[in-house]
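Reviewing the structure listed below.
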Amino acid sequence: MNFRLTAILFGTLFVLGLVLLILSFFSDERPPTDIILEELVATKPDQIDTIEFEREGGTRLKMVRSKDSNQWSITEPYTAKADSAAVQQVVGDLLRAKPTTYPGMTNNPAVYGLQPPGMKVTLRAGDKSSTVNLGNVTLGGKGVVFVTTSARPGRPMAVAHSTVESLFREAGKDGVAADLAKWTGDFRSRQIFPADTAGAGDDVTGVTLSARGKTLSLAQSQRGWKFTSPASWGEADPAGDVTARPGTFTGVRPLLGALTSLQALSAADFLGIAADKEAEMLKEFGLDDGSPDRVRVEMMTKNGQKTTAFIGNKAEAAPPTPGAMPQTGKRWVKVEGQPGVIRANAGDLSGLVSVIENPDPLRDRNLLATERLRIDGLDLANGATKLRRVGTSPAATWKLYGNPAAGDPQIADVAEAERILNVLTERRTVRSFPSANDANFGQGSVAVKVWADGFDPATDAKAEPKEKGKPTVLTFGKQEGDAIHVRRVLPDGTTEHFLVPEKIKVGAAAEPTEVLAAMNKSRLDLLERDLKGFASTNAIAFSAQGASTFQLTRDTTSTQPMWRFAADGRGPTGQVYKKGEVADAPTVQGMLDILATTPTATRIVDEAPTAEKLLQYGLGETPRLRVIVGLKDAAPTDAERSYELGKETSDPNMLYARQGGNPRVFTLPKFILEKFINADLRNRDIFKVNPAEVARVEITGWGNLFGAPAELILEKNKEGVWTATKAPTTGYTVDSTKVTALMNTLNSLRVEAFTADNTPEPKHGLADPKQVFVITLATATGAHHLHLRLGGPADASGTTLYALTSRMPDGKPIVTVDAAPFKAYKEGPAAFAR
């Protein structure tokens, strides 16, 4: 044989043997995969039904998934509810775990704490299973956990610690996996009761509490919560009193919230008790049968889970654990069927025993527990007043039915209807629960019917909605002190008796509402009191007949509000209004505003008055006063607003009234009529001046200074500068700005009052040389622009002056004006000088 060929053959065999030897260190006969649990490749986390932990020495922890839910339970070493989220995290992490490289890795399991392994974790999915053996944990450099698996028992592998961190109690520690791994207490559910803590026990269907020989039992019903013990106590209040002091229980939800929030905060809160120490320890924790304050709680949830637990003494907080929830109040708790006790985080349970001994604070003290938005029908005053909610929210409204002759259905006063609902639905108004006694509901009782989702909508707008459900009937009977007996009959016939206060304060209302008065509201009390309004700026015609007679139209050619008399008229005190004359715009606007800003009637007194009744109200064919306002840009059917004002009511400050288009008689404050009776529509803006047209100012006066009236004549030159052509003193120099100020004063001057005097008399001082003050404004052609003669004081205080003016036609009365603007001018000619 050729030596060279022989050498090549032997060399090849040597290399092949060496490769096989190396592979034997790191592999077995099966091919490698990406995951460590090879037998469960492609298995999903929700297919895993069992997870088993086994420590060296045989200690076992087994958890099983419920077949009909994703809930996990501990079945070994004892039975308890597991923290499903924590278990599911471990399952998912192990199914996803992959081998990773690690420097210097050998095939010797003992090096990595895997001969024997400290702990095994097995996942099962039906008849398939896979086991991972856990050895040492190292966090130096690249943190890993050393493992072998049931698929490769002879091949040590490294798994990144971060990918299986859910297996361990604390992050950041290395050592032996069996010492660091979570165990029973870490996987137990921290909740004492298997209920929805976020919903404050919304998924609880029943709860029974026992202490000191007393039992309180509550169960959910179609209406909410009811007592099953004490028997015949009826409904329980779901929400309770929000103002109750801490530790007291006045509602089922706060009670369930306190119970379902009981929970351990860490594994350290689960305490095992040796059998020979159990009796002693239970007594110390207040959990033995003889403890007077031990509370037994039995709770049932919607999914059929039933848990019985015992609540004992207050407990000291467990040693702080990094990352744990803050420690608050603590109670010792024992769950029936589970070993040991639990140091549970708890709220204020100081009132728990008290409410078991006397459950009265939990009784439903709500006269109506129905949601307000569901209430769609009310019969008040023994059926005399029928209210129905029509339409859907937010456009739903209350309407009155039962009197077609009056125009039903009619819109009801929403505020009044809601006020009645407020009284009926105000929380915790029931004071006590007296024994049934029909003698409390004799003559004078008031029955009120309340429907919730009780009507089908009517197809005809005029038809009353059709009843589809029975109402709750509340009968308000005899008064006892400051309380009223009430009998409530629910739609199913359940009857209860209460005492409620005679007055109920609702929300932030300033005054309480009288209950009987609210339940006895008549149709007239509930008719909508809104009047058909208008914007005063849209008024283009305004007239009145009766106590005052006038007819006005708005002058649309003027840039300023201007009203003119469209016909001759007469005021209530004899004023004469001539067609074409200008009316006083501010006075007219004030009259319009008072109508436009009276949006509601004070009260309705008659919804369908006869002709005879209208005469009694002073609202017959010729009412005391009829006012009509014409509106611009309005539809023909909406082109005016009319008002009829009649006689005073029994209250002299009120009077009867009607609005056109509606037969109802209502009341309004009398001052509205007085506004019209006292109104003088003669134009008070009679001194209007255009300074550009004024070229000459003549002033005569100051007789008290010079012994006789003196004269000052001012003229405007071509440059627009005022000069004195005649002055009572020498060297007189005019201040043009002061002349302009005079004209501005005249321009803003208004008549204060029209007197009854048509000719001057000595009392007016208009011819008195010491008092008279005459101002004449003339144009460049010499025509008078304004002639104003001021006389003496028109009142004792001297705040007004008598005046005559060329702006008032002959035969018109002497007027009065404000004295203040002329005070400086009457003191002397210097008022116009520099």
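The values are calculated or read from the model by the stated rules, or taken from the named source; none is laboratory data. Bear in mind the structure is a predicted one, so any value in this text is a computation, not a measurement. Every residue, glycine among them, receives a Cβ derived from its backbone with ideal geometry; neighbour counts consider all protein chains shown. Side chains are part of the model used for accessible areas, which takes the heavy atoms of the whole protein and leaves out ligands, DNA and RNA. Shrake-Rupley method; radii C 1.70, N 1.55, O 1.52, S 1.80 Å.
Taking first residues from the stretch 158-172 that are of a type outside the set (S, T, N, Q) and partners that are open to solvent by less than 10 Å² (accessible area, probe 1.4 Å) and in a helix (DSSP H, G or I), the Cβ contacts under 7 Å between residues at least 6 apart in sequence or on separate chains come to VAL164/LEU94; LEU167/VAL90. Summed over the stretch 652-683, the residues that are assigned to a strand (DSSP E or B), open to solvent by 10 Å² or more (accessible area, probe 1.4 Å) and either in contact with a Cys (Cβ under 6 Å, 6 or more places away or on another chain) or of a type in the set (S, T, N, Q) (or both) give a count of 1.
The set of residues in the stretch 74-104 being without any contact (Cβ under 8 Å) to a residue 60 or more places away in the chain and either among the charged types (D, E, K, R) or buried (at least 17 other Cβ atoms within 10 Å of the Cβ) (or both) consists of GLU76, GLN88, VAL91, TYR102. When ASP593 is tested against (1) within 47 Å of the chain's Cα centre (by Cα); (2) among the acidic types (Asp, Glu); (3) under 25 Å from SER748 (Cβ atoms); (4) buried (at least 19 other Cβ atoms within 10 Å of the Cβ), just one condition goes unmet, and that condition is (4). Listed by first and then second residue, the pairs with beta-carbon distance under 6 Å, at least 6 apart or on different chains, first residue in the stretch 656-669 and touching a residue at least 40 places away in the same chain (Cβ under 8 Å), second of a type in the set (Phe, Trp, Tyr) and part of a strand (DSSP E or B), are ALA657/PHE666; GLN659/TYR643; VAL665/TYR656.
Just a yes or no: is a residue in the stretch 784-794 among the small types (Gly, Ala, Ser), out of contact with any strand residue (DSSP E or B) (no Cβ under 9 Å at 6 or more places or on another chain) and closer than 18 Å to ALA819 by Cβ?
From the stretch 784-794, those among the small types (Gly, Ala, Ser) are 791-792, 794; that's our starting set.
Applying the additional criterion that residues be out of contact with any strand residue (DSSP E or B) (no Cβ under 9 Å at 6 or more places or on another chain) yields none.
No: zero hits.
Strands (runs of 3 or more DSSP E) wholly in the stretch 684-758 with at least 3 residues that are within 60 Å of the chain's Cα centre (by Cα) and in contact (Cβ under 8 Å) with a residue 12 or more places away in the chain - which ones?
Output list reads 751-754.
Tell me whether the stretch 608-615 contains one or more residues that are in contact with a Leu (Cβ under 9 Å, 6 or more places away or on another chain), outside any strand (DSSP E or B) and under 25 Å from ALA541 (Cβ atoms). No, that holds for no residue. Kindly provide the set of residues from the stretch 64-105 that are of a type in the set (A, V, I, L, M) and either assigned to a helix (DSSP H, G or I) or more than 16 Å from VAL132 (Cα to Cα) (or both), ordered by number. Scanning the stretch 64-105 gives VAL64, ILE74, ALA80, ALA82, ALA85, ALA86, VAL87, VAL90, VAL91, LEU94, LEU95, MET105.
Every test in (1) in contact (Cβ under 8 Å) with a residue 60 or more places away in the chain; (2) outside any loop (DSSP other than H, G, I, E, B); (3) over 24 Å from ILE74 (Cβ atoms) is passed by ARG124 save one, and that test is (3). Against the definition (open to solvent by 40 Å² or more (accessible area, probe 1.4 Å), out of contact with any Asp or Glu (no Cβ under 6 Å at 6 or more places or on another chain) and of a type in the set (A, V, I, L, M)), how does VAL576 come out, yes or no? In short, yes. Remark: HIS764 falls outside the filter, which requires a residue to be in contact (Cβ under 8 Å) with a residue 12 or more places away in the chain, within 29 Å of ASN717 (Cα to Cα) and of a type outside the set (Phe, Trp, Tyr). Scan the stretch 340-372 for residues that are in contact (Cβ under 8 Å) with a residue 60 or more places away in the chain and either at positive phi or open to solvent by 60 Å² or more (accessible area, probe 1.4 Å) (or both) and jot them down. Scanning the stretch 340-372 gives GLY340, ASP348, SER350, SER354, GLU357, GLU371. Among strands (runs of 3 or more DSSP E) entirely within the stretch 190-277, having at least 3 residues that are touching a residue at least 24 places away in the same chain (Cβ under 8 Å) singles out 204-211, 214-220.
In the set (1) over 16 Å from PRO153 (Cα atoms); (2) touching a helix residue (DSSP H, G or I) at 6+ places or on another chain (Cβ under 8 Å); (3) not in a loop (DSSP other than H, G, I, E, B), the condition left unmet by LEU134 is number (1).
Let's see how each residue does on (1) open to solvent by 20 Å² or more (accessible area, probe 1.4 Å); (2) among the hydrophobic types (A, V, I, L, M, F, W, C); (3) modelled with pLDDT of 95 or more:
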| position | (1), (2), (3) |
| --- | --- |
| LEU134 | no, yes, yes |
| ARG152 | no, no, no |
| HIS161 | no, no, no |
| GLU165 | yes, no, no |
| GLU170 | yes, no, no |
| ASP174 | yes, no, no |
| GLY199 | no, no, no |
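Among residues of the stretch 493-509 that are among the basic types (Lys, Arg), those with a beta-carbon under 7 Å from a residue that is assigned to a strand (DSSP E or B) at least six positions away or on a different chain give the pairs LYS503/THR513; LYS503/GLU514. Close Cβ contacts (under 6 Å, 6 or more residues apart or on different chains) running from residues in the stretch 591-603 that are under 14 Å from ASN538 (Cβ atoms) to residues that are of a type in the set (Phe, Trp, Tyr) and open to solvent by less than 60 Å² (accessible area, probe 1.4 Å) comprise ALA596/PHE534. Suppose we filter the stretch 107-121 for residues that are over 14 Å from ALA177 (Cβ atoms) and either touching a residue at least 40 places away in the same chain (Cβ under 8 Å) or assigned to a strand (DSSP E or B) (or both); how many remain? Residues in the stretch 107-121 being over 14 Å from ALA177 (Cβ atoms) and either touching a residue at least 40 places away in the same chain (Cβ under 8 Å) or assigned to a strand (DSSP E or B) (or both): 3 in total. Scanning the stretch 782-806 for residues that are in a strand (DSSP E or B), closer than 17 Å to LEU746 by Cβ and more than 60 Å from the chain's Cα centre (by Cα) returns HIS784, HIS785, LEU786, HIS787, LEU788, ARG789, LEU790, GLY791, TYR802, ALA803, LEU804, THR805. Scanning the stretch 206-250 for residues that are hydroxyl-bearing (Ser, Thr, Tyr) and in contact with a Gly (Cβ under 9 Å, 6 or more places away or on another chain), we see that the one that is surrounded by the most Cβ atoms within 10 Å (Cβ to Cβ) is THR250. Could you count how many residues in the stretch 539-548 are open to solvent by 60 Å² or more (accessible area, probe 1.4 Å) and either among the polar types (S, T, N, Q) or in a loop (DSSP other than H, G, I, E, B) (or both)? Of the residues in the stretch 539-548, 1 are open to solvent by 60 Å² or more (accessible area, probe 1.4 Å) and either among the polar types (S, T, N, Q) or in a loop (DSSP other than H, G, I, E, B) (or both). Which residue is nearest to LEU801 (Cα to Cα), if the candidates are limited to the stretch 704-762 and must be basic (Lys, Arg) and open to solvent by less than 80 Å² (accessible area, probe 1.4 Å)? For the stretch 704-762, the residue satisfying everything is ARG750.
Of all residues in the stretch 440-466, exactly one satisfies the criterion of being of a type in the set (Val, Ile, Thr) and open to solvent by 20 Å² or more (accessible area, probe 1.4 Å), namely THR459.
In the stretch 615-651, the residue that is farthest from THR553 (Cα to Cα) out of those that are aliphatic (A, V, I, L, M) and open to solvent by less than 30 Å² (accessible area, probe 1.4 Å) is LEU619.
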